[in-house]
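Enquirer: Please find one structure pasted underneath; my questions will follow.
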Amino acid sequence: MKFIVSVLLTGLFAFALGGFLPWWSIAIAGFVVAVLIPQKPWKAWFCGFLGLFLLWGGLSFYINMQNAGLLATKIATLLPLGGNAVLLILVTALIGALVASFAALTGSYLRRTKPTIKNM
């Protein structure tokens with residue numbers, strides 16, 4: 001249950017932050033969700049990855065459908081993707097997913113460190 005909630009919260013929080021902040025705010029979303037919802041580090045990493053992969057992949061696909069694939073095909077032609085719009089969507093989703101997943105991993109490790117009086 002925590003897994004599904006983490007994936008959904010990561011995607012929703014990243015979507016909300018994306019309306020006001022730069023693209024890298026997805027890292028903030030992954031980090032905050034991983035700090036608030038305790039999970040093992042590999043699960044937190046996967047939640048951040050899946051949440052943002054679905055979000056950015058879905059948004060890229062939606063934008064691609066709105067302009068009949070013209071923009072994505074032109075951008076994929078400029079990049080070494082051979083004009084393949086689907087590959088561009090996957091690369092876009094992968095980049096976002098990696099940023100959020102490593103931020104979530106950091107948040108998970110931060111949550112596991114419990115400061116004690118001796119360490120302060």
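Derivation of every value follows stated rules applied to the coordinates shown; laboratory data play no part. These figures come from a predicted structure and were not determined experimentally. Note that we place each Cβ from the backbone using ideal geometry, even for glycine, and neighbour counts take in every protein chain shown.
Enquirer: Please work out which one of (1) surrounded by fewer than 20 Cβ atoms within 10 Å (Cβ to Cβ); (2) in contact (Cβ under 8 Å) with a residue 60 or more places away in the chain; (3) among the aliphatic types (A, V, I, L, M) is the condition Ala68 fails and give its number.
Expert: (2)
Enquirer: Restricting to the range 25-47, give me the number of residues that are outside any helix (DSSP H, G or I) and either buried (at least 19 other Cβ atoms within 10 Å of the Cβ) or free of Cβ contacts under 8 Å to residues at least 12 places away in the same chain (or both). Please lay out each step first, then the result.
Expert: Of all residues in the range 25-47, those outside any helix (DSSP H, G or I) come to 37-40.
Keeping just the survivors that are either buried (at least 19 other Cβ atoms within 10 Å of the Cβ) or free of Cβ contacts under 8 Å to residues at least 12 places away in the same chain (or both) gives 37, 39.
Looking only at that region, the number is 2.
Enquirer: Considering only residues of the range 61-120 that are hydroxyl-bearing (Ser, Thr, Tyr) and not in a helix (DSSP H, G or I), which is farthest from Val32 (Cα to Cα)?
Expert: The initial filter retains those residues of the range 61-120 that are hydroxyl-bearing (Ser, Thr, Tyr), namely 62, 73, 77, 92, 101, 106, 108-109, 113, 116.
Imposing the further condition that a residue be not in a helix (DSSP H, G or I) reduces the set to 113, 116.
Values: Thr113: 15, Thr116: 22 Å.
Checking each candidate, the answer is Thr116.
Enquirer: In the set Leu50, Leu12, which member is of a type in the set (A, V, I, L, M, F, W, C) and surrounded by 18 or more Cβ atoms within 10 Å (Cβ to Cβ)? Walk me through how you get there before you give the answer.
Expert: Working: Leu12 fails: surrounded by 18 or more Cβ atoms within 10 Å (Cβ to Cβ).
It is Leu50.
Enquirer: Based on what the data block shows, is Leu52 in contact with a Pro (Cβ under 9 Å, 6 or more places away or on another chain) and part of a helix (DSSP H, G or I)? Talk me through it step by step, then tell me what you get.
Expert: Details: in contact with a Pro (Cβ under 9 Å, 6 or more places away or on another chain): no; part of a helix (DSSP H, G or I): yes.
For Leu52, the condition - in contact with a Pro (Cβ under 9 Å, 6 or more places away or on another chain) and part of a helix (DSSP H, G or I) - is not met.
Enquirer: Determine which single condition Cys47 fails, assuming it passes every other condition in (1) more than 17 Å from Ile4 (Cα to Cα); (2) in contact with a helix residue (DSSP H, G or I) (Cβ under 7 Å, 6 or more places away or on another chain).
Expert: (1)
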